[in-house]
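Notes for the one structure printed next.
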Amino acid sequence: MTEAGPRGGARASDALHRAVSALGERGPLSDQSGPYFGAFGGRFVPEALIAALDELDTAYHKALADPAFGAELERLHRTYTGRPSPLTEVPRFAAHVGQGARVFLKREDLNHTGSHKINNVLGQALLVKRMGKKRVIAETGAGQHGVATATAAALLDLDCTVYMGEEDTRRQALNVARMRLLGAEVVPVTIGSRTLKDAINEALRDWVANVETTHYLLGTVTGPHPFPEMVRDFHRVIGEEARAQLAEETGRLPDAVAACVGGGSNAMGIFSAFLDEPTVRLFGFEAGGEGVETGRHAARFSGGAPGVLHGARSYLLQDQDGQTRPTHSVSAGLDYPSVGPAHAWLHDLGRAEYQPVTDVEAMDAFSLLCRTEGIIPAIESAHALAGALRLGPQSAQWGLDHPPLILVNLSGRGDKDVATAGAWFGLLDETEDE
Amino acid sequence: MSGTATRLRELRDSGRAALVGYLPLGYPDVAGSVEAAKAMVDAGVDIVELGVPYTDPVMDGPTIQRAVEHALETGTRVAQVFGAVEQIAATGAPVLVMTYWNPVLRYGVDAFARDLAAAGGAGLITPDLIPDEGADWLAASDAHDLDRVFLVAPSSTTERLALTAAASRGFVYAASTMGVTGARATVGAQAARLVADTRAAGAELVCVGVGVSTPDQAAEVAGYADGVIVGSALVRTLLDAPDAASGRRALGDLAAALAEGVTGARR
Ligand SMILES: Cc1ncc(COP(=O)(O)O)c(C=O)c1O
């Protein structure tokens, strides 16, 4: 790895510096382990699940210490996932960012199954084999995590059931068909808001009943310990590769890293390689939906407050009674009322900044990347692209002595979103509309 | 001193287990749920478990989900639980509130405990709070002299049974099977084993819930546990009824039959 280190970037704000160095005294931010990330995280689940969480935690740490596990995961990523994923400079897109910015995309969209989700899924699926369990269950919103789980289940000979909100089975019908082709059972969830959160409720109910034979292959950095820590670790590869690739291309660290944040796994994966670099600004972009002021969004850091959902304490969209509030986003994968506890911790520390991006901004950025670079992104990832477009003007305040270097995690590809985008931009025949 | 434990001991000394009946606040509406709970007590339920409706009840099966969804859609508010507790407690039966943790966190753990105690409530049953995460609830329940009923499950290790037994007050709630609430054809043999293990781990009083729905099952469980907790089967009588009055009658009939099962059990 050839890398210049911090000399490549100007100093970030003093506050950011203080956040990094204060925590540096307690060990690197990137190595924080669960169950708590500051005031966030924990295990707010029925007692019935505690034994399985302990078993998972033990199996995970044993696997980490076993070189054979790392070697097997590395081999699968190289020969099956297609890692390392490329790093692509996007100059025609960058022209719209302004300030002479250079923009690089980490191409998780080119992974097998089309998103970053496979990184975590293969890691957990190998653990399932080690634990001797025969069945996996998963929740899915956009369908990407469900597809990745169904894929790993086929590869490793596991039974697979995927819970998906009925609303999401409609907007991501293509992924429902993919999961079924791969041999998974897809169960549409018809209670509650019929989106990702309700799919997680159903998966948790299944898990409580079948925990002896079944692993819950949770798809993001939320949930009870050890999921936030373990899923982050399985996605570290994104940041590690990107850091080395960017150093090779530019000899520098990025000035800013942008990622979309649903539960927060792709963001945590790419952030983790830069958390302890005080010159690197980290930005998470959440679903602003129709605008935070309309109440129809999934912007936890703008409209939420700390609370408990699905096993962890974190920022949560909730009403005055602590009831989970309905969310909205054009992107199913970001349409979730809570967020990984480590993001809540980074937010409160001031180490990462979280901003909402509206449906309209995301779809504009979606279209822009299609037309300037020939890449159709997932609508989730388009939120990060819209964020990058915003970072151009903001970078004027960063005090850099060079044009900004921005790294964007392109977490997935847009095949699954063609119908949504086609309807959004009025590209479909009338009969197919609505 | 725990009001629930006192009642459980009295019943034990008289040679029988307690019947604990669950209903959610707000089904068919708040006043209706209070009436239903009172009807349940009239029919022979010894201890009432009143559920706070919550958007994400991961420990509950379809029956309770449906009732709770209705309660929320019709505008039931968390703070209404205190008035309801007060009215039900006037029957003389101890009233425990069953609640997922976030509504309590949002209200404020100490404030919730204070208001529950002021309403004459006996304490809380917390399906998604383990003692390990409950430091502020342990403090608040001590300060306001409330019961704290934690759950154990067939998957609980010996260490966790001991930890949970030590943290609980009132009784320990033993989940009969691995799974969510709802009627089952049989109560697993593991329930009896779990009760014995929980006692061996230091619990004086252990009640069994999840999946108990018929008088025969209630009688079976009453043979080895200090209390029999029935939820979904009672809620179902209300869901299936054409109107509130006939719902209360069906509820009363089932509660009476369950009470007969419990009191008839030979210990
Ligand atoms: C392509 C893509 N990006 C991002 C996400 C959001 O998840 P996370 O925030 O865990 O990366 C999803 C979730 O479905 C996704 O499919």
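The values are calculated or read from the model by the stated rules, or taken from the named source; none is laboratory data. Please read all numbers here as calculations on a predicted model, not as lab measurements. For neighbour counting, all protein chains shown are included, and Cβ atoms are generated from backbone atoms with ideal geometry for every residue, glycine included. The accessibility values were calculated without ligands, DNA or RNA, using every heavy atom of the protein model including side chains. Shrake-Rupley method; radii C 1.70, N 1.55, O 1.52, S 1.80 Å.
Listed values, structure above:
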| read-out | value |
| --- | --- |
| All strands (runs of 3 or more DSSP E) inside the stretch A:231-327 with 1 or more residues being among the β-branched types (Val, Ile, Thr), more than 14 Å from every other protein chain (Cβ to nearest Cβ) and within 19 Å of residue A:354 (Cβ to Cβ) | A:256-260 |
| Flag if residue A:209 is in a helix (DSSP H, G or I), open to solvent by 10 Å² or more (accessible area, probe 1.4 Å) and within 14 Å of chain B (Cβ to nearest Cβ) | yes |
| Among (1) facing chain A (nearest Cβ under 10 Å); (2) crowded, with 19+ Cβ neighbours inside 10 Å - the single one residue B:141 does not satisfy | (1) |
| Residue B:173, sole failed condition from (1) open to solvent by less than 30 Å² (accessible area, probe 1.4 Å); (2) under 30 Å from residue A:337 (Cα atoms) | (2) |
| Segments classed as helices (runs of 4 or more DSSP H), wholly inside the stretch A:53-150, with at least 2 members that are within 16 Å of the ligand (Cβ to nearest atom) | A:117-131 |
| Unmet requirement for residue A:347, which otherwise passes all of (1) within 14 Å of chain B (Cβ to nearest Cβ); (2) away from the ligand (no atom under 13 Å from the Cβ) | (1) |
| Options A:183, A:219, A:192; residue that is more than 16 Å from the ligand (Cβ to nearest atom), closer than 16 Å to residue A:332 by Cα and in a loop (DSSP other than H, G, I, E, B) | A:192 |
| Odd one out for residue A:254 among (1) more than 16 Å from the ligand (Cβ to nearest atom); (2) in contact (Cβ under 8 Å) with a residue 12 or more places away in the chain; (3) closer than 30 Å to residue A:46 by Cβ; (4) buried (at least 22 other Cβ atoms within 10 Å of the Cβ) | (3) |
| Selection status of residue A:63, farther than 17 Å from residue A:183 by Cα, of a type in the set (A, V, I, L, M) and free of Cβ contacts under 8 Å to residues at least 12 places away in the same chain | no |
| Which listed residue is modelled with pLDDT under 95 and within 15 Å of the ligand (Cβ to nearest atom), from A:333, A:387 | A:333 |
| Residue that is farthest from the ligand (Cβ to nearest atom) [pool: residues in the stretch A:396-420 that are assigned to a helix (DSSP H, G or I) and open to solvent by 10 Å² or more (accessible area, probe 1.4 Å)] | A:396 |
| Some residue of the stretch A:332-347 being assigned by TED's automatic domain parsing to the domain that holds residue A:104, part of a strand (DSSP E or B), free of Cβ contacts under 8 Å to residues at least 60 places away in the same chain and buried (at least 24 other Cβ atoms within 10 Å of the Cβ) | no |
| Index of the failed condition, residue A:357 passing every other in (1) assigned to a strand (DSSP E or B); (2) over 21 Å from residue A:273 (Cα atoms); (3) open to solvent by 10 Å² or more (accessible area, probe 1.4 Å) | (3) |
| Tally of residues being crowded, with 24+ Cβ neighbours inside 10 Å, within 14 Å of the chain's Cα centre (by Cα) and either among the hydrophobic types (A, V, I, L, M, F, W, C) or in a helix (DSSP H, G or I) (or both) across the stretch B:1-47 | 11 |
| Selected residue [open to solvent by less than 10 Å² (accessible area, probe 1.4 Å), within 16 Å of the ligand (Cβ to nearest atom) and not assigned by TED's automatic domain parsing to the domain that holds residue A:326] from A:173, A:153, A:199 | A:199 |
| Residue, nearest to the other protein chains (Cβ to nearest Cβ), within the stretch B:92-114, restricted to residues that are open to solvent by 40 Å² or more (accessible area, probe 1.4 Å) and over 17 Å from the mean Cα position of the chain (by Cα) | B:106 |
| Residue A:170 farther than 20 Å from residue A:265 by Cβ and free of Cβ contacts under 8 Å to residues at least 24 places away in the same chain | yes |
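Rundown of residues vs (1) of a type in the set (Gly, Ala, Ser); (2) modelled with pLDDT of 95 or more, yes/no style:
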| residue | (1), (2) |
| --- | --- |
| A:159 | no, yes |
| A:171 | no, no |
| A:181 | no, yes |
| A:190 | no, no |
| A:193 | yes, no |
| A:227 | no, yes |
| A:241 | no, yes |
| A:244 | yes, yes |
